[in-house]
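Some notes on the structure that comes next.
The values are calculated or read from the model by the stated rules, or taken from the named source; none is laboratory data. These numbers come from a predicted model, not from an experiment. Cβ: placed from backbone, ideal geometry, glycine included. Neighbour counts: every protein chain shown.
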Amino acid sequence: MDYTDDRTLKDKVFPELERELPRRRMAHVLAVTLMAGHLARRHGLDPVRARLAGALHDSARAWPDARLIRYVRSRRIPVPDFDFIRRNQPVLLHGPVSADVARKKFGVKDREVLSAIAKHSLGSVRMTRFEKLVYVADFLSHDRSFKDAPRLRRLAARDLDGAYRESVRQKLRFLVDRGVPIPPECVRVYNSLFPPG
């Protein structure tokens, strides 16, 4: 498929996703697509590539846990702390799986787009500006209604790195407040952004 403009998203990608995703998840995908394009324009990145990553970031989000686990194993997809995630939060596998689906099913070849999709839920110690943009767009899309979202959206419009740091902090706080096990990769990412001392 040709992803050099947005026609392919409208004519090919969104109709396919609408068949796969529940209505609420599809609304989130559309919100992330718009936010990714907006942030890309604000920060001098390619809005078409950003919208593509936003559109496909949750391709496998509606899959059952068992299917995600089977897919990762059968495709030998590298996932940080796979056994921990498999036991505690298999839904987090949807990032790497969605990247593989984007490549295999939708024909996406852009490595940075695929990497941004793969990293959008856990983050990574090494993130490009483009990968940070997709992470932030997912966390701060306009369908998100947590208390600090408006403030962080304003921050994201002027300071992508700052918004990424605050998004990581907020996501970790959310996991702690819910009392769920925290993936080691999330801790590593946090510690890389907020080193002691």
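Among the criteria (1) modelled with pLDDT under 95; (2) under 30 Å from Val176 (Cβ atoms), the one Asp2 does not fulfil is (2). Might you let me know whether the stretch 37-46 holds any residue that is hydrophobic (A, V, I, L, M, F, W, C) and part of a helix (DSSP H, G or I)? Looking for residues that are hydrophobic (A, V, I, L, M, F, W, C) and part of a helix (DSSP H, G or I), one finds at least one in the stretch 37-46, hence yes.
Within the stretch 84-98, is there a residue that is over 17 Å from Cys186 (Cβ atoms) and modelled with pLDDT of 95 or more? Yes, the conditions are met somewhere in the stretch 84-98. The single condition among (1) of a type outside the set (Asp, Glu); (2) modelled with pLDDT under 95; (3) assigned to a helix (DSSP H, G or I) that Arg144 does not satisfy is (3).
Considering Glu16, Glu112, the condition of being farther than 30 Å from Ile182 by Cβ and part of a helix (DSSP H, G or I) is satisfied by Glu16 alone. Summed over the stretch 47-87, the residues that are without any contact (Cβ under 8 Å) to a residue 40 or more places away in the chain and not in a helix (DSSP H, G or I) give a count of 6.
Checking every residue in the stretch 95-109 against the condition of being among the basic types (Lys, Arg), buried (at least 16 other Cβ atoms within 10 Å of the Cβ) and assigned to a helix (DSSP H, G or I) gives at least one match.
Ala40 meets the conditions (1) aliphatic (A, V, I, L, M); (2) buried (at least 21 other Cβ atoms within 10 Å of the Cβ); (3) closer than 28 Å to Val176 by Cα in every case but one. The failed one is (3). Of all residue pairs spaced 6 or more apart or on separate chains, those with beta-carbon atoms under 7 Å, a first member in the stretch 114-130 that is surrounded by fewer than 24 Cβ atoms within 10 Å (Cβ to Cβ) and a second member that is among the polar types (S, T, N, Q) and not in a loop (DSSP other than H, G, I, E, B) are Val125/Ser192.
Residue by residue, here is whether (1) of a type in the set (S, T, N, Q); (2) touching a Leu at 6+ places or on another chain (Cβ under 8 Å) holds:
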position: Asp11; (1), (2): no, no
position: Pro15; (1), (2): no, no
position: Arg24; (1), (2): no, no
position: Val29; (1), (2): no, yes
position: Thr33; (1), (2): yes, yes
position: His38; (1), (2): no, no
position: Gly44; (1), (2): no, no
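Selection of the stretch 138-180 for residues being surrounded by 12 or more Cβ atoms within 10 Å (Cβ to Cβ), in contact (Cβ under 8 Å) with a residue 60 or more places away in the chain and farther than 26 Å from Leu45 by Cβ yields an empty set.
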